[in-house]
Amino acid sequence: MILKLPIGIDNFEEIRTEGFYYVDKTGMIKELLDSWGKVNLFTRPRRFGKTLNMSMLQCFFEYGHESSLFDGLKISEEKELCEKYMGKFPVIFITLKGVSGRKFENALGMLRNIIGAEAMKFQFLLKSDRLTEEEKKLYYQLVQVDESARQGFLMSREVIEDSLRILCRMLHKHYGQKVILLIDEYDVPLDKAQLSGYYDEMIELICNLLGQVLKTNESLQFAVLTGCLRIAKESIFTGLNNLQVMSITNIQFDEHFGFSDEEVKEMLKYYGQDSKYEQIKLWYDGYRFGNTDVYCPWDVINYCSLLRADPEAQPEAFWVNTSGNDIIRKFLQMASPVTKREIESLIEGKSIAKKIHQELTYRDLYKTIDNLWSVLFTTGYLTQRGKAEGKVYQLAIPNLEIREIFIEQIQEWFQEEIKADTSKLDAFCTAFSDGDEKAVEEQFNAYLARTISIRDTSVRKEKKENFYHGILLGLLSHRETWDIDSNAESGNGYSDILVEIFEKNIGIVVEVKYPDDGNLEKGCAEALKQIEDKKYEARLCQDGMSHILKYGIACNRKKCKVQLIK
């Protein structure tokens with residue numbers, strides 16, 4: 001039986017018992033115990049296996065889990081370690097990724113529910129002969145969630161802030177064994193709060209919650225936290241002298257998040273997709289954590305699943321579609337001319353040197369363009385290609401997937417920019433319909449000077465042409481009465497752009513070329529020849545357009561040439 005691909009499944013026990021493919025990351029357990037930190041923080045981009053690794057840790061350490069879950073995995077070879085630690089601890093595991101809401105009260109209610117649901121796992125505490133009646137009453141407060149609000153038993157904010165420490169102390173007392181605490185996506189509530197306008201209240205809540213349980217907690221064996229950013233300046237970890245931080249620049253644990261090259265090859269071989277290796281590498285590899293090059297697991301698993309259903313399926317941008325990409329939009333809005341040139345270099349496949357701040361606050365993210373470079377790095381939109389000196393790293397776009405999202409966001413940003421000046425758009429469209437090729441060329445060059453150009457020898461010529469095609473399409477779409485088709489079938493092929501202006505019986509054919517050698521005259525000639533050879537005007541004539549304008553447009557970087565056949 002072929003193992004299923006675990007798309008969207010981050011529960012270790014489910015993967016191991018329900019016939020799913022698992023990339024063995026249990027080596028993390030040994031490294032965690034060998035390097036020993038009382039409080040361990042792992043910062044990684046989203047969709048790189050943080051939650052699954054936390055679930056794995058829970059299944060390994062927690063009382064009651066079957067040891068057979070780890071049969072055949074790396075950690076099972078560590079006999080002495082397994083004998084000492086496997087299934088020997090009470091474990092508290094919560095994820096804060098769901099703590100959000102338009103108002104602070106909504107987010108507080110969600111946190112209350114999350115903690116209450118975890119506390120419900122330990123209802124045996126109510127019958128424990130090691131707890132006093134007062135302690136049992138305190139436990140009862142922990143399990144009162146929103147459904148009980150009408151009876152007046154809602155967990156107070158004070159109890160919420162002390163809840164994890166209380167639960168640790170009770171479990172320690174009941175078992176006579178200290179507790180392992182796992183907190184996944186600890187910084188998500190801060191991100192959501194910043195977006196919704198209650199950041200100060202949320203930072204105080206999270207500071208108190210983590211401060212109570214992580215500092216001077218005699219019932220804590222050790223804790224593991226995950227998130228995207230290290231929020232140190234917010235005083236969350238103030239006074240915590242035993243914090244061990246493993247960010248994407250640390251060598252420790254660098255191979256335990258994301259898939260290595262060998263792991264991807266092994267998966268592709270198992271599913272008979274070896275021939276797609278190079279394509280997958282171009283699209284989804286390129287991240288560097290510490291000294292290890294890794295692929296995005298979410299992308300590899302999703303594309304592998306797609307290929308099993310359709311062997312001819314092309315790569316898609318799976319990772320970037322799992323959440324918004326507003327960070328790039330904001331980055332472009334704040335970009336100076338110098339920054340825009342740096343973005344052009346990145347899109348060309350080059351790297352740039354930037355100082356990275358890994359201890360930003362969510363309040364500071366958009367204060368300066370320098371902070372945004374750091375955020376793009378820590379969240380996975382950029383990766384490192386080596387360290388220059390101090391905190392300066394050579395940054396690059398990891399792969400084709402991320403490059404595509406940069407280009408897409410650049411196009412959207414540019415369209416928004418140009419739509420703000422309707423008079424220039426009107427003039428451009430009028431020049432187009434009047435057949436004024438010199439005015440079209442002059443104004444299109446002016447538009448290109450304002451945008452961010454693309455040039456990358458590793459990308460097909462068609463991809464480069466599509467970029468300028470998209471810009472031109474956006475400009476012409478300003479005229480809402482024009483019927484505009486992109487990549488429309490006409491004659492003996494597909495024209496880049498067809499325009500029908502019914503009130504004037506004018507039809508326009510546009511073909512865009514990107515001459516790599518920069519010979520714009522030659523590019524225009526090739527475009528016009530293609531229009532003639534393929535008879536792209538055929539559909540326009542069939543629709544009754546009596547006057548046909550044929551535009552050959554060649555673009556290279558921020559320059560264009562326009563030629564017209566009337």
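For the chain, the dipole from Cβ point charges (+1 on Lys and Arg, -1 on Asp and Glu) about the Cα centre works out to 1200 debye, to the nearest 20. Computed extension gain for LEU126 through TYR21, at 0.36 nm per residue and net of the alpha carbon distance, reaches 33.9 nm.
Relative to the longest principal axis of the Cα atoms of the chain, the long axis of helix 297-309 lies at roughly 60 degrees. Compared with the dominant Cα axis of the chain, that is its longest principal axis, helix 400-419 is turned about 60°. Computed from phi, the 3J(HN,Hα) profile of the stretch 158-175 under the Karplus parametrisation 6.51, -1.76, 1.60 (θ = phi - 60°) reads 4, 5, 4, 5, 9, 4, 5, 5, 4, 5, 4, 4, 5, 5, 4, 5, 5, 8 Hz, with x in place of Gly and Pro. Pull out a ≥ b ≥ c, the square roots of the eigenvalues of the alpha-carbon gyration tensor of the stretch 274-330, then state rounded if a/c is under 1.5, prolate if not and a/b is larger than b/c, and oblate in the remaining case. Oblate is the answer for the stretch 274-330, as a/c is 1.5 or above yet b/c matches or exceeds a/b. Between 0 and 90 degrees, rounded to the nearest ten: what's the tilt of helix 369-378 against the longest Cα principal axis of the chain? Helix 369-378 and the main axis of the chain meet at about 60 degrees. Averaging 1/r over every pair of different alpha carbons in the stretch 76-148 and inverting the result gives a Kirkwood radius of 14.8 Å.
Solvent-accessible surface (1.4 Å probe) assigned to LEU528 amounts to roughly 20 Å².
Proximity of backbone amide H atoms, modeled 1.01 Å from N, is registered between ALA353 and LEU395 at under 5 Å, excluding neighbours fewer than 5 places apart on the same chain.
One decimal place: the segment ALA353-LEU33 gains 111.7 nm when fully extended, by the rule 0.36 nm per residue minus the C-alpha distance.
Quick check on the stretch 19-85: take the gyration tensor over C-alpha atoms, sort the square-rooted eigenvalues as a ≥ b ≥ c, and tell me if it's rounded (a/c under 1.5), prolate or oblate. It is oblate, given that a/c is not under 1.5 and a/b is not larger than b/c. Using only the Cα atoms of the stretch 441-566, build the gyration tensor, take square roots of its eigenvalues as a ≥ b ≥ c, and label the shape rounded, prolate or oblate: rounded if a/c is under 1.5, else prolate if a/b is larger than b/c, else oblate. The shape class here is prolate.
If you wrap the tightest convex hull around every Cα atom of the stretch 22-181 and split its volume per residue, you get 142 Å³. Computed with every protein chain present, the accessible area of GLU133 is close to 120 Å² [probe 1.4 Å].
The loop-placed GluC sites (Glu not before Pro) in the stretch 256-358, going by DSSP, that have at most 12 neighbouring Cβ atoms within 10 Å of their Cβ come out as GLU312. The 1.4 Å probe gives accessible areas that order LYS178, LYS127, LYS97, largest first, as LYS127, LYS97, LYS178. Using C-alpha pairs under 8 Å with a sequence gap of at least 6, the mean separation divided by the residue count of the stretch 464-535 gives a relative contact order of 25 percent.
Averaging the Cα positions of each part gives two centres, and for the stretch 465-495 and the stretch 249-291 these lie 38 Å apart. Here the relative contact order of the chain, from alpha carbon pairs under 8 Å that lie six or more residues apart, stands at 11 percent. Using θ = phi - 60° in the Karplus curve 6.51 cos²θ - 1.76 cosθ + 1.60, the 3J(HN,Hα) couplings for the stretch 202-219 round to 6, 5, 5, 5, 5, 4, 5, 4, 6, x, 4, 8, 9, 9, 6, 9, 5, 9 Hz; x is entered for Gly and Pro.
For semi-axes √(5λ) of the Cα gyration tensor in Å, the value computed from the atomic coordinates appears in the list (1) 39, 35, 20; (2) 55, 26, 22; (3) 43, 30, 22 under label (2). In loop segments of the stretch 476-511 as defined by DSSP, the GluC sites (Glu not before Pro) with at most 11 further C-beta atoms inside 10 Å of their C-beta are GLU480.
The values are calculated or read from the model by the stated rules, or taken from the named source; none is laboratory data. This is a predicted model, so every value here is computed, not measured. Every residue, glycine among them, receives a Cβ derived from its backbone with ideal geometry; neighbour counts consider all protein chains shown. Areas reflect the complete protein model, heavy atoms only, side chains present, ligands, DNA and RNA absent. Shrake-Rupley method; radii C 1.70, N 1.55, O 1.52, S 1.80 Å.
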